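Some notes on the structure that comes next.
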Amino acid sequence: MTSPSTPRFTTHIVHADRLSGAEHGAIHAPIHTSVQYGYNKVEDLIAVFQGAKGFNYARQSTPTTVALESKITQMEQGQGSIVFATGMAGICAMFLTLLKAGDHIVVSQFVFGNTNSVMGTLADLGIQVSMVDVTESANVAAALLPHTRMVFVETIANPGTQIPDLDGIGALCKQHGVLYVVDNTVASPYLFRAATVGAGLVINSLTKSIGGQGDALGGSVTDTGQFDWSNYPNINVAYRKGDPKGWGLQQVRKKGLRDMGGALSSHAAHQLALGAETLSLRMDRTSATALALAQWLEQHPAVARVLYPMLPSHPQHHQARKHFKAGSWMLSFELRDPAQCLAVCNRLQIPIKATGLADTRTLIIPVAHTIFWEAGPEVRATMGIAESMIRLSVG
Ligand SMILES: *Cc1c(COP(=O)(O)O)cnc(C)c1O
């Protein structure tokens, strides 16, 4: 109900390329590999340096990365997006360019392992981080401080599938003028648009749902247009020009993409854009398969618990039903006998024992032994990760 209807959604994405004027009638946007962009008159080059629309150097943008950015903006129904070499490049660029030493942020205690690791880096840089159970917005409310700049959550947390009180936190952020950042990687803009719960910025690892083929890395940051940047204290004077609506993304683009350099290649941008065109079909199908598998596993005598948002037994099932069109491709389960964890993975024929998510192939991984090994048993316990948890990414 919060997602656009299927035909509109996909039709827009598939026809977006032609709107910018296809060369030679090509119906796919071409891959622009040029690093430099030249002009006949130096005045035109100067204009681009001074803020006019145009290209100068591929670390900032190419026509191919811009075509992908507009597809993502369209899907999230935002006002602009920036694409990065990976999801983590986008997440780090966003944190490091919008926060300063002395700031405080509230972060879901259920986040992707590498995002969790970044919290340590931010703390070392003098940013105060509170990790809370975001399934109750009261926990977020209790953690807010006068210098809280941002609340960061994942729509469906990897790997525990926890779902935040999405609209409760949105209302809280709005009331306190705090930036609400939602990592929408697992749900994707097809199943859920974070703009509907008041998110100011939306993150997507394009490597996952949007690319969907397991053949290209990428990430994006989208501004939904809902956050009032004019009151945000960390915008550099250089970017406090023109309409305040553009200030935040402008700072992330200049400081986070241009200076930090995590630029997406045009080749990868093209592959991800092709993947995006089939997002709705893949999400419908993988969600249906994942639900069937979750229901089957839940009946299995060797299985202690199945975590999948569309199962009535899921602790935040009501949130999932309220906000998501379907449950997506990720499910996790725990065995009654933890000692069987590796044997179960090894016995399966079709799921490939590999890390990663949202490939066309089904992937399986024991969580505690691999992606959450570095976190250690205490952190795993606070994140709700049982030692026998197995994660499936349904292809
Ligand atoms: C994979 C993932 C990321 C990081 O994306 P990469 O493209 O692998 O860097 C961030 N958030 C979530 C929820 C993810 O699943």
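The values are calculated or read from the model by the stated rules, or taken from the named source; none is laboratory data. Note that the coordinates shown come from a computational prediction; the quantities given were computed from them, not determined experimentally. Because the Cβ atoms are built from the backbone with ideal geometry, glycine has one as well, and the counts that use them run over all protein chains shown. The protein model used for the area step is the full one, side chains on, heavy atoms only, and it has no ligands, DNA or RNA in it. Shrake-Rupley method; radii C 1.70, N 1.55, O 1.52, S 1.80 Å.
Each Cα pair under 8 Å and six or more residues apart adds its sequence gap; the mean of these over the residue count of the range 5-137 is a relative contact order of 16 percent. Separation of the range 105-183 and the range 60-104, taken as the distance between their Cα centroids, equals 18 angstrom. Taken about its Cα centre, the range 1-111 carries a charge dipole of roughly 60 debye when the Cβ of each Lys and Arg holds +1 and the Cβ of each Asp and Glu holds -1.
Between Arg336 and Gln128, the modelled labels are 4.8 nm apart [label points 7 Å from Cα along Cα→Cβ].
Extension gain, Asn114 to His300: 0.36 nm times the residue separation minus the Cα-Cα distance gives 63.8 nm.
By a 1.4 Å probe calculation restricted to protein chains, Leu45 has an accessible surface near 60 Å², given to the nearest 10. Translational diffusion of the range 153-196, estimated by Stokes-Einstein from the Kirkwood radius over alpha carbon pairs at 10 °C in a medium of 1.306 mPa s, is 146 µm² per second. Modelled spin labels at Phe49 and Arg8, positioned 7 Å past Cα toward Cβ, are 4.4 nm from each other. In the context of the full protein assembly, Val83 retains an accessible surface of approximately 0 Å², using a probe radius of 1.4 Å and ignoring ligands and nucleic acids. Taking the centroid of alpha carbons for each part, the range 245-305 and the range 333-362 are 21 Å apart. The length gained by stretching the chain between Val35 and Arg321 to full extension, at 0.36 nm per residue less their Cα-Cα distance, is 98.4 nm. Under the shape rule built on the C-alpha gyration tensor, where the axes satisfy a ≥ b ≥ c, the range 1-116 is oblate, since a/c reaches at least 1.5 while a/b does not exceed b/c. Of the whole protein surface, Met283 contributes about 0 Å² of accessible area at a 1.4 Å probe radius. Within the same chain, aspartates and glutamates fewer than 8 places from Lys100 are excluded, and of the rest, those with a Cα less than 16 Å from its Cα are Asp124.
Between Thr382 and His176, the simple label model (points 7 Å from Cα in the Cβ direction) yields a spacing of 1.8 nm. Per-residue accessible area (protein heavy atoms, 1.4 Å probe) orders Trp247, Trp229 as Trp247, Trp229, starting from the largest. Taking the C-alpha atoms only, the angle from helix 87-98 to the longest principal axis of the chain is near 60 degrees. Look at the alpha carbon pairs under 8 Å that are at least 6 residues apart: their mean separation over the length of the range 271-320 gives a relative contact order of 22 percent.
P(r) tail for the chain, what percent of Cα pairs lie past 37 Å? That fraction is 20 percent. Specify whether the C-alpha gyration tensor of the range 106-196 places it in the rounded, prolate or oblate class, a ≥ b ≥ c being the square roots of the eigenvalues: rounded for a/c under 1.5, otherwise prolate if a/b is larger than b/c and oblate if not. Note, shape of the range 106-196 comes out oblate. Normalised by the number of residues in the range 43-83, the mean separation of alpha-carbon contacts (under 8 Å, six or more apart) gives a relative contact order of 24 percent. Couplings 3J(HN,Hα) of the range 289-301, computed from phi: 5, 5, 5, 4, 5, 4, 5, 5, 4, 5, 7, 6, x Hz, in residue order, whole Hz [Karplus 6.51 cos²θ - 1.76 cosθ + 1.60, θ = phi - 60°; x for Gly and Pro]. Excluding ligands, DNA and RNA, the accessible surface per residue across the range 290-395 is 49 Å² with a 1.4 Å probe.
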